[in-house]
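The values are calculated or read from the model by the stated rules, or taken from the named source; none is laboratory data. The structure presented is a predicted model; accordingly, all values stated were derived computationally and were not measured. A quick note on method: Cβ atoms are made from the backbone with ideal geometry, for glycine too, and the neighbour counts reach across all protein chains shown. The area values use the complete protein model at the heavy-atom level, side chains included, leaving out ligands, DNA and RNA. Shrake-Rupley method; radii C 1.70, N 1.55, O 1.52, S 1.80 Å.
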Amino acid sequence: FPGLADVSISQDIPVEGEITVPVGSHSPDEDYSTLDEPVKDTIMRDLKAVGKKFVHVMYPRKSSALLRDWDLWGPLVLCVSLALMLQGGSADSKDDGGPQFAEVFVIIWFGAVVITLNSKLLGGTISFFQSLCVLGYCVMPLTVAMLVCRLVLLAGAGTISFIIRLIVVGAMFGWSTLASTAFLADSQPPNRKALVVYPIFLFYFVISWMILTFTPQ
Amino acid sequence: ISCLVMYLFAEFDDAANLLAANPDATTISIDEPVEIPKNQHSHLQETGREEDDELLGTDDSDKTELLAGQKKSAPFWTFEYYQTFFDVDTYQVLDRIKGSVFPVPGKNFVRLYIRSNPDLYGPFWICATLVFTIAVSGNLSNFFIHLGKPTYHYVPEFRKVSIAATTIYAYAWLVPLALWGFLMWRNSKVMNIVSYSFLEIVCVYGYSLFIYIPTAILWIIPQKVVRWVLVVFSLCVSGSVLVMTFWPAVRDDNRRIAVATVATILLLHALLAVGCLAYFFDAPELDIPAPIIPAHNGTTVITKSH
């Protein structure tokens, strides 16, 4: 502290004061303060975090909240519900039917892992789980599309229903790709953005294809 | 699987530390990505080798071996090692794809485009795209062929995706492995001037499969003549890329072995194309009964077209 070398404090002036460190109330690592809270608070906090991320996906802005506090609850719920909704179609023949539950699960998780590895190998600065989190949450529009498709198919399976389904799935596919690109593209070197965006496009295209070709019994 | 994921997570932390401490990167600040110095480095290497290419013809395998050794110096268990196989920019990948679709007669794909920077991005994602393109196109084509028939019930045929994936990835990785082993063995017997590393062969095979992607999309057209014309055309294009790459590597050998090698390469390539066409795309213009008739008494009748 070179600037303080020539500061002198006379002996008869008392030096007093208070040094207080403001306790950060948003630190996520304070186990000691969350250990005594009711279970409902713990669950509601996590649910609120998941819900906030869903809202971020619905209105994709360049916010870092999705990236910073990653969690995999949302992707798990979306993946399981999507895989469950894809069941029950053409289930008689095992050979030529739609994807089994395990196949959907594997495609989504393995696909997300491969895309994350790909973007990291190309020099991306995003962390592994953050990228998984973003890719998983951005499956939400497609899950909504699947729900809409099942409802439309309840009404009938003709050409008009197919056109409606095509439009809905196409729109949601575009939304998913744009949302995940908005979050992930910034962490890539600029001359490799297209190399990272293309696998994401392929990933959501495959999921959209599975949704569109779902035919009930 | 969570153990594997945690291990990977730890690995990436280590790699980040390694990258930050890498003396070759010459970064000014820790936050700056290390890609920019690396690209400059490899560009310098490329221009150097371009001049050497001009001077020495195609004989720069020694120098490229040395320079390639300098690049891939990280031990194989670090993340950095695998990053060296993805050291390509968008325009480089697009150039390589263009080179595989428009082969210039006399120019070697490996020397012209890859230049000791083989990447795994192209082969992996071209194969992935091809798998899904073939599965989706086959499904669509069958749908259109059987559309008018009253007993036809559309099925997504998802099983075929796994079969397509196994076939194409096996072809794109095992055939280069066998070819590399064979070329290494011949190299020990006959001194060849041109030799390729395993990754360069994988790269050539991967990029040469690109022409099959638009071909698979065009195979939806349910005309036999159109399909076979497409097969011949794509075989010529990708086959010529392969031949022009591998002929210099075997021409110094016994004439019979050289011709047999090139013929085998072309035969396997043709087999892949014809096999995919035959398996994933039903024959058009035939009166085929519907593939699956969902019966209500619990039995299913499955008849295939061939």
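A few points about this structure:
- Scanning region B:215-242 for residues that are among the aromatic types (Phe, Trp, Tyr) and without any contact (Cβ under 8 Å) to a residue 40 or more places away in the chain returns B:228, B:233.
- The sole residue among B:242, B:267 that is over 21 Å from residue B:160 (Cβ atoms), open to solvent by 20 Å² or more (accessible area, probe 1.4 Å) and within 19 Å of the chain's Cα centre (by Cα) is B:267.
- Of the residues making up region B:102-125, those that are of a type in the set (Val, Ile, Thr) and open to solvent by less than 30 Å² (accessible area, probe 1.4 Å) are B:110, B:114.
- Scanning region B:155-210 for residues that are of a type in the set (Val, Ile, Thr), assigned to a helix (DSSP H, G or I) and either open to solvent by 20 Å² or more (accessible area, probe 1.4 Å) or under 18 Å from residue B:130 (Cα atoms) (or both) yields B:161, B:163, B:166, B:167, B:168, B:175, B:202, B:204.
- For first residues located in region B:79-96 and more than 9 Å from chain A (Cβ to nearest Cβ), partners that are part of a helix (DSSP H, G or I) and modelled with pLDDT under 85 and lie 6+ apart or on another chain with Cβ distances below 7 Å form the pairs B:80/B:15; B:80/B:18; B:80/B:19; B:84/B:71; B:95/B:113; B:96/B:113.
- Cβ separations smaller than 6 Å between residues 6+ apart or across chains give no pair from region A:163-187 residues that are free of Cβ contacts under 8 Å to residues at least 12 places away in the same chain and within 16 Å of residue A:127 (Cα to Cα) to residues that are among the hydrophobic types (A, V, I, L, M, F, W, C) and not in a helix (DSSP H, G or I).
- Qualifying residues in region A:111-148 (those that are among the aromatic types (Phe, Trp, Tyr) and at the interface with chain B (Cβ under 10 Å from one of its Cβ atoms)) - the one surrounded by the fewest Cβ atoms within 10 Å (Cβ to Cβ): A:129
- Pairs where the first residue, in region A:197-216, is in contact (Cβ under 8 Å) with a residue 40 or more places away in the chain and within 17 Å of residue A:161 (Cβ to Cβ) and the second is assigned to a helix (DSSP H, G or I) and open to solvent by 10 Å² or more (accessible area, probe 1.4 Å), C-beta under 7 Å, 6+ apart: A:208/A:173; A:212/A:165; A:212/A:166; A:216/A:153
- Picking from residues in region A:160-217 that are touching a Lys or Arg at 6+ places or on another chain (Cβ under 9 Å) and assigned to a loop (DSSP other than H, G, I, E, B), the one that is nearest to the other protein chains (Cβ to nearest Cβ) is A:214.
Yes/no matrix, rows are residues, columns are (1) surrounded by 13 or more Cβ atoms within 10 Å (Cβ to Cβ); (2) modelled with pLDDT under 85; (3) part of a loop (DSSP other than H, G, I, E, B); (4) touching a Cys at 6+ places or on another chain (Cβ under 6 Å):
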residue	(1), (2), (3), (4)
A:28	no, yes, yes, no
A:33	no, yes, no, no
A:36	no, yes, yes, no
A:43	no, no, no, no
A:48	no, no, no, no
A:53	yes, yes, no, no
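- Counted residues, region B:218-227 - those being within 21 Å of residue B:139 (Cβ to Cβ) and surrounded by fewer than 16 Cβ atoms within 10 Å (Cβ to Cβ): 5
- Within region A:67-104, tally of residues that are assigned to a helix (DSSP H, G or I), within 11 Å of chain B (Cβ to nearest Cβ) and either open to solvent by 20 Å² or more (accessible area, probe 1.4 Å) or at pLDDT below 85 (or both): 1
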